[in-house]
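The values are calculated or read from the model by the stated rules, or taken from the named source; none is laboratory data. Quick caveat, the model's predicted, so the values are computed rather than measured. No Cβ is skipped: glycine too gets one built from the backbone with ideal geometry, and neighbour counts run over all protein chains shown.
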């Protein structure tokens, strides 16, 4: 059977980044082959986890769907069931099946939140709910495919019915022989240990070694990274890792921390491996049950217990052990799968509410965190793939409908009444929930309500703090003259763009935002407002002159602050290490007016986090234009050299300093010296 191999490292769909290992797409002689050029372009573009959704992505996905439909048709199958009633399924209820004479008769889902989708009934998976005509079950999910496939085989496996996966993972690089050869080649690993790891990798693996696909190991590593951050927050010196497995977590927890570590696991060979590989005078490992811990009372500052609680029948006894060994001001960080279905190893299969109830028998939960095996940064204070869950939205229906369903749940907890330091400092980009793609925030202003599109917590924060973050900027906009041309440089997701539109004085509003995530939200905001004839958004970096360069981003998501074109310079003038960087086009204000014939501004707002000098250098002629009435520039006032430079440029152009406006809301974790400086031409309104 011929086949085409397509390397996919990152897959973005429905606004979520989904990580896959290499895939092997098997083709029948009747199937449509995947275009090699398309596949290569797709793979190259998707290597950057921050890449926006691109046309090649959907084209490749469509070819994958066409391949499956063609294969089923060639086998004479005319009726199918889809397994999974999530977002992935909605676009493929009809197509591509109908073009091949195939009909979807039923959609199966363990937790249906509606009775039908596109006219097709949704039912719980059960042989009694399977129409007689159905000739195959197709797994419809991009990130739960393995779990749904296992569930489908559990329910329908005895019916001799084909169960087809759309995305078939190629695990060849991690098959036993190849993995053993790779591990045996490591100079610091014995042959016996390499063989033991391969033989026991189903439940016992070492995430710091190349023995499993990264999408799986990263899940575990990032939980330990979160625990490591908590060690720093509370100044922990004694840490317990319960169900520590092979002990690799000790290396992550001890990174940059002076701690004593004790790992406990019930499996003796696993503990022996951990002691050989990771043991030291400050890292000890013990073989014991989690409900009979060989640890003294009040002995540890932090407990890490990942993928443990679902294995223990006696939940109350386990929580009692957690409480016994934890100091009064200590923290417990624990994780569990999120209702992924029964397995041979788990005695509990909890949802969010059940997980909360189990822990709150002994602890007070400080934070609830969701996790998916993806690389998207939802919250700058959390590892990739994690976001905080709003405690007010723990109801299953609200949780499933308004947010992506996570694979895993984590909780950070403390003894009831105990005092602990603030764990996660608030920030401009703080995300307490991950809104759905349709979430909107309505802000009532004196000019009427403004409806903001908020696909993420940072975008939502910018909308919700519109009236409190920079009230003086709103006053400045309110003083515009009728018919003014307003330019917003560094517009982000457009809070002040939309306020200026609501104030209804500016005849035209031009917004400039180079971040692809923020620009996407801004453009969608304009589309939804129906004001695209009046508001124009340009995805370019305003600069000293026309140039191609690099946009360095600290927070690569919608509403994220801290991007710099050219050099990675922050608002304080210091070099920073970008989280993500991509190519961008820079152009000056003067060139935008003179070369591209954009309407010359009467009002300019500049909020660019550190590259103010470059922008003003490229605006010399525009600043001299008598039609320009006022300019608001956000500057770190502690940088006296920059303040003097900006004031000097403005004075040369006939614009005089009017006042300083203090913009920063207290929630934002940025220097309190960041201020808006307003310069006005004599005789003009500010």
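A compact table of results
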read-out	value
Residue in segment 194-208 that is farthest from the chain's Cα centre (by Cα), counting only those that are buried (at least 20 other Cβ atoms within 10 Å of the Cβ) and not in a loop (DSSP other than H, G, I, E, B)	194
Qualifying residues in segment 174-219 (those that are under 17 Å from residue 373 (Cβ atoms) and out of contact with any helix residue (DSSP H, G or I) (no Cβ under 8 Å at 6 or more places or on another chain)) - the one modelled with the highest pLDDT	219
Tally, over segment 428-452, of residues that are modelled with pLDDT of 50 or more and over 17 Å from residue 530 (Cβ atoms)	6
One residue from 370, 288 being closer than 30 Å to residue 150 by Cβ and in the same structural domain as residue 226 (by TED's automatic domain parsing)	370
Whichever residue in segment 334-369 is part of a helix (DSSP H, G or I) and in contact with a strand residue (DSSP E or B) (Cβ under 7 Å, 6 or more places away or on another chain) and, among such residues, is nearest to residue 238 (Cα to Cα)	359
Qualifying residue in segment 316-333 (condition: over 30 Å from the mean Cα position of the chain (by Cα), part of a loop (DSSP other than H, G, I, E, B) and more than 17 Å from residue 260 (Cβ to Cβ))	no
Scope segment 243-279; condition under 28 Å from the mean Cα position of the chain (by Cα) and over 15 Å from residue 208 (Cβ atoms); matching residues	243, 256, 257
Residue match in segment 579-592 (condition: under 26 Å from residue 475 (Cα atoms), in a loop (DSSP other than H, G, I, E, B) and either touching a residue at least 60 places away in the same chain (Cβ under 8 Å) or touching a strand residue (DSSP E or B) at 6+ places or on another chain (Cβ under 8 Å) (or both))	no
Meets criteria (surrounded by fewer than 19 Cβ atoms within 10 Å (Cβ to Cβ) and part of a helix (DSSP H, G or I)) for residue 151	no
Selected residue [assigned to a helix (DSSP H, G or I) and touching a helix residue (DSSP H, G or I) at 6+ places or on another chain (Cβ under 7 Å)] from 511, 459	459
Selected residue (only one of 623, 645, 616 is more than 39 Å from the chain's Cα centre (by Cα), modelled with pLDDT of 85 or more and either closer than 19 Å to residue 588 by Cα or assigned to a strand (DSSP E or B) (or both))	623
Residue that is surrounded by the most Cβ atoms within 10 Å (Cβ to Cβ) [pool: residues in segment 542-560 that are within 24 Å of the chain's Cα centre (by Cα) and modelled with pLDDT of 90 or more]	551
Residue among 91, 125 that alone is at pLDDT below 90, under 23 Å from residue 146 (Cβ atoms), in the same structural domain as residue 61 (by TED's automatic domain parsing) and outside any strand (DSSP E or B)	91
Filter result (touching a helix residue (DSSP H, G or I) at 6+ places or on another chain (Cβ under 9 Å) and more than 25 Å from residue 216 (Cβ to Cβ)) within segment 361-378	361, 362, 363, 365
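Here's the yes/no breakdown for (1) in a loop (DSSP other than H, G, I, E, B); (2) surrounded by 17 or more Cβ atoms within 10 Å (Cβ to Cβ); (3) touching a strand residue (DSSP E or B) at 6+ places or on another chain (Cβ under 6 Å); (4) assigned by TED's automatic domain parsing to the domain that holds residue 130:
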| position | (1), (2), (3), (4) |
| --- | --- |
| 147 | no, yes, no, yes |
| 155 | no, yes, no, yes |
| 180 | no, yes, no, no |
| 188 | yes, no, no, no |
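Let's see how each residue does on (1) surrounded by fewer than 19 Cβ atoms within 10 Å (Cβ to Cβ); (2) more than 29 Å from the chain's Cα centre (by Cα):
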residue: 67; (1), (2): no, yes
residue: 76; (1), (2): yes, yes
residue: 79; (1), (2): yes, yes
residue: 89; (1), (2): no, no
residue: 92; (1), (2): no, no
residue: 97; (1), (2): no, yes
